[in-house]
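I have placed the structure first, in the form of structure tokens, so that the comments after it can refer back to it.
The values are calculated or read from the model by the stated rules, or taken from the named source; none is laboratory data. Everything numeric here is computed off the predicted structure, so don't read it as measured data. Heads up, the Cβs are rebuilt from the backbone with ideal geometry, glycines too, and the neighbour counts pull from every protein chain shown. For accessibility, only protein heavy atoms count, side chains too; no ligands or nucleic acids. Shrake-Rupley method; radii C 1.70, N 1.55, O 1.52, S 1.80 Å.
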Amino acid sequence: MPSSDYDPASLPDLLPLYYRRLFPFSQYYRWLNYGGVQKNYFQNREFSFTLKDDIYVRYQSFTTQNELEKEMQKMNPYKIDIGAIYSHRPNQHNTVKSGTFQALEKELVFDIDMTDYDDVRSCCSAADICCKCWTLMTIAIRILDRALREDFGFQHLLWVYSGRRGVHCWVCDEAARKLSVAARSAVAEYLSLIKGGEETVKKVVLTDPIHPFIRESLAVVERYFPRYALQEQDILGRKESVDKVLSLVPEDILFTLQQDFQNEKKPESRWKLVRDQATKKQATAKKGQYFEKEIMLQYCYPRLDVNVSKGVNHLLKSPFSVHPKTGRISVPINLKELDVFDPFALFEQTCKYSFISFHFFTDYKRTTLAKYVKYFDQFLDAMARSWKGELLRKSDLQKEF
Amino acid sequence: MQFMSRQKKLLPNSHTELYGQCLQFYGQPPLENIALSEFETFAVERLKLLKTVENLGVSYVKLSEQYTKKLDQESKNLNFPYRSGPSEIEKRRKDHISHFILRLAYCQTEDLRRWFIQQEVDLFRYRFSYLSSKQKLEFLHKNNLQYDAISVEEKKALQDKLVNSSYAVSGITVEDQDFYKVPFQDALDLVRTRKVYLKAGYVYIPHQDIVTIILNDFRTRLSKALALTARSLPAVHSDERLQPLLNHLSHAYVGQDYSIQKNVGKISLEQIDSLSGKSFPLCMRQLHQALRENHHLRHGGRMQYGLFLKGIGLSLEQALQFWRSEFIRGKVDADKFDKAYAYSIRHMFGKEGKRTDYTPYSCMKVILSNPPSQGDHHGCPFRHSDPELLKQKLQFYKVSPSGISQILELVKGMHYQLACQKYFELTHNVSDITFSLNHPNQYFVESQKVLGGGKDIKREMDTPQRSQENSDNLTLDLIRGTGELELCEYKCIFPKAKGNIG
């Protein structure tokens, strides 16, 4: 990982500039207002700020875009989180009768965090990421984006780089915002294939029949597996890695493969041997025959934290928020350019300046941030078409008596 | 509470429209006027039906032949719909109204709601099962359940995906059965476990599985409706005609209430110890033992046990002697007893003041009201005792280990009265008792029957009707009182939940 020239101590100087010159307030408001279709949607939204010295304030809410701007420029939050839309203005929640202040709606969200993959990546660990393991995020985005659109029918998905070691997905469809806790939890479980923590060796088990969702996900994984796992992560190269992979193989095949590996050192060929064994087993066995698929999934399939997605009132880092530890901004990811999205490219160009200051000191109109804001605009335009329809429908209804 | 303007009495043909379908989700409350007597009868009979549903559900596999036959029979006896037919309108009307009345009575606590919802769901399942395919589809559409069957072409195109989505779906299933498109929010369990094919926000479900979805839908709607009803309850309680009725229903024992004393004086005090071991239900045996050991019982225990003793035939004089002699052995001297405790015993026998409710407690009342706290011995041991302690107690009373585990199974399933029935069977060495246990005094009576208790006792126990002479039976007062109840005035009590309830 390239060494950082970003100094968190410079935040107090840089943040005011960021919030005054770069933060896209009008797009931000346009998003959270959702076309004004529902009354008080923006006003009843909870924000939370993390201020200097780790001071954390919840239940912030604002009546207009202007108020939001002024407040953020005054407070210069180190971090901004977005919460739910409540029954009343969050900043007045103490005046509301106990029990009646309720979280009503929120986007359906997902959080993919690279640390959850530590048991299957050898290049980095914990908060570090590099271009090798970033592929895991690419795979995760492709699999989840497809499923959320094709299986669940959602259309307005915003993928955001979290600023350090992962990505978030904000599903903004109206149907998604209205989902109950039970429904969110069901969606997250549907999307989960990796089960088990530290004590579990085999985290993926497939049984007949293999659900279409799993097949589709496997298709994505198989595209990236040779380069990502066999080459870059070299899982069948170094001895410890090989042992780990073989621990996922059925006992009756283990010995044979160990023997074969003595004579075959090339990872691609070793993998072929594994696949051949699997094909043989699938022809005869009723159990444990999909182990080669299970291995691929265990090494590549997205790992979500169900708890983040479940709660209607769960707070998640806001797009365009700064990550105080890296100085990077949580920018939306354009899926059309997914394979070339590189969280480090911009950084490498800014040896002397932090990410923010890089944006600031270059020509404003041609800042790289502008590119992300433009993409965000397109995302909002697509949603706006649905808001327009809603507003028309509502006004029609009101005319009927 | 807002009173809606008086609605005209509905004409008979609108009944035909309202009740054209044989099954409903109870989305709309009844709006007509109804006589108070009908109000009560309807409610009580529905309660009997639901109790039958409960009992059958434990004794037989739901929807098995025996189950449906017996439920058919009971529905017929109580004049509820059981097979769709043109003469069903009156029965459906009764079904509709009685459901809403019981909502009022059963929305008040979590326990009551849970019980009510469970039985109504089971009743619904049974009724849905005897609809034809066509009627089922009609029902779905009439109730805004956006479940459409997919075309044969679409089925063919999706065949592989459908088969691969569920272990239970084969190629034959796809060919033979209709598949419905259901919004995924209505089939969360199937989505969560990935047991179904999901496309563009819809799950594709074979006909055989549609029932589960519908039942869940019914359960959710009813649960929401009960919560809303509970909030409007204060308004209902302000109506003096309704409040005692509803209280009575929610603690209702559908059958005898043992408020009329029979066999007064036929039991001697010396017999009580041995009777407690042979013919008392576990709750009373426990109370008797605690009384003998501690020479004292707290208020809850005195009420529950004292009224029970009255019900089995103790006279006032006997009762006074019984309690006095026991309490004096403890810390209470004779004077204190006469001053403090004797009054309340006389009260139980109607000799002091005018209590509103001093009929011996039914099982429902014991189970649902006034849970015991530290130092109490009342309540229902199957409901209120820690299972370990219950086990020890049963062992102490020499119940066989297999018997004990059967009882504990029933307790785990929250079937407390059935657990007590099982206890009866085990301690009397009989199997398959014919009565449905609802009242501790009933336990005593049945026990005496089994133990061959004499003819005179048997003769006197026969009256099944609630006594007409008992002036403390408030419901009768109500029936004799003002004639009509305008249900439409209570439209606010049956609020329409938001959403697409048909």
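A few remarks follow.
- Pair list, Cβ under 6 Å, 6 or more apart: region A:235-246 residue over 17 Å from A:VAL201 (Cβ atoms), other residue open to solvent by 20 Å² or more (accessible area, probe 1.4 Å): A:LEU236/A:PRO267; A:GLY237/A:PRO267
- Filtered residue count, region B:142-183, keeping only those that are within 14 Å of another protein chain (Cβ to nearest Cβ), assigned to a loop (DSSP other than H, G, I, E, B) and hydrophobic (A, V, I, L, M, F, W, C): 2
- Which listed residue is open to solvent by 40 Å² or more (accessible area, probe 1.4 Å), more than 30 Å from A:SER122 (Cβ to Cβ) and either charged (D, E, K, R) or in contact (Cβ under 8 Å) with a residue 12 or more places away in the chain (or both), from A:LYS106, A:LYS70: A:LYS70
- Unmet criterion (only one of (1) surrounded by fewer than 18 Cβ atoms within 10 Å (Cβ to Cβ); (2) outside any helix (DSSP H, G or I)) for B:ARG231: (2)
- Listing of helices (runs of 4 or more DSSP H) fully contained in region A:282-382 that carry 1 or more residues being buried (at least 18 other Cβ atoms within 10 Å of the Cβ), at pLDDT 85 or above and of a type outside the set (S, T, N, Q): A:291-300, A:306-310
- Among (1) touching a residue at least 60 places away in the same chain (Cβ under 8 Å); (2) assigned by the TED database to the domain that holds A:ASP145; (3) of a type in the set (A, V, I, L, M, F, W, C) - the single one A:ALA182 does not satisfy: (1)
- Of all residues in region A:45-64 being modelled with pLDDT of 95 or more and farther than 14 Å from A:ILE80 by Cβ, the one that is most open to solvent (accessible area, probe 1.4 Å): A:THR64
- Qualifying residue in region A:107-121 (condition: farther than 14 Å from A:LEU304 by Cβ, touching a Lys or Arg at 6+ places or on another chain (Cβ under 8 Å), modelled with pLDDT of 90 or more and part of a loop (DSSP other than H, G, I, E, B)): yes
- From A:GLU216, A:GLU264, A:GLU222, A:GLU232, residue being among the acidic types (Asp, Glu), closer than 25 Å to B:ARG194 by Cα and more than 14 Å from every other protein chain (Cβ to nearest Cβ): A:GLU222
- Just so you know, in region A:144-177 the residues that are within 9 Å of chain B (Cβ to nearest Cβ) and not in a helix (DSSP H, G or I) include one that is most open to solvent (accessible area, probe 1.4 Å), and it is A:GLY153.
- Residue in region B:184-207 that is farthest from the other protein chains (Cβ to nearest Cβ), counting only those that are open to solvent by 10 Å² or more (accessible area, probe 1.4 Å) and in contact with an Asp or Glu (Cβ under 6 Å, 6 or more places away or on another chain): B:HIS207
- Residue identified as farther than 30 Å from B:LEU410 by Cα, surrounded by 15 or more Cβ atoms within 10 Å (Cβ to Cβ) and of a type outside the set (A, V, I, L, M, F, W, C) among B:SER315, B:SER325: B:SER315
- Of the residues making up region B:208-215, one or more are under 23 Å from B:GLY27 (Cβ atoms), within 14 Å of chain A (Cβ to nearest Cβ) and crowded, with 18+ Cβ neighbours inside 10 Å.
- Residue match in region A:83-99 (condition: within 22 Å of A:GLU337 (Cβ to Cβ) and either away from chain B (no Cβ under 14 Å) or at pLDDT 95 or above (or both)): no
- Contact annotation: residue pairs with Cβ atoms under 6 Å, 6 or more positions apart or on different chains, pairing a residue in region B:54-75 that is in contact (Cβ under 8 Å) with a residue 24 or more places away in the chain with a partner that is among the polar types (S, T, N, Q), are B:GLU54/B:GLN119; B:ASN55/B:SER436; B:LEU63/B:SER129; B:GLU74/B:THR52.
- Leading residue by the ranking (least open to solvent (accessible area, probe 1.4 Å)) among those in region A:83-103 that are touching a strand residue (DSSP E or B) at 6+ places or on another chain (Cβ under 7 Å) and assigned to a helix (DSSP H, G or I): A:PRO90
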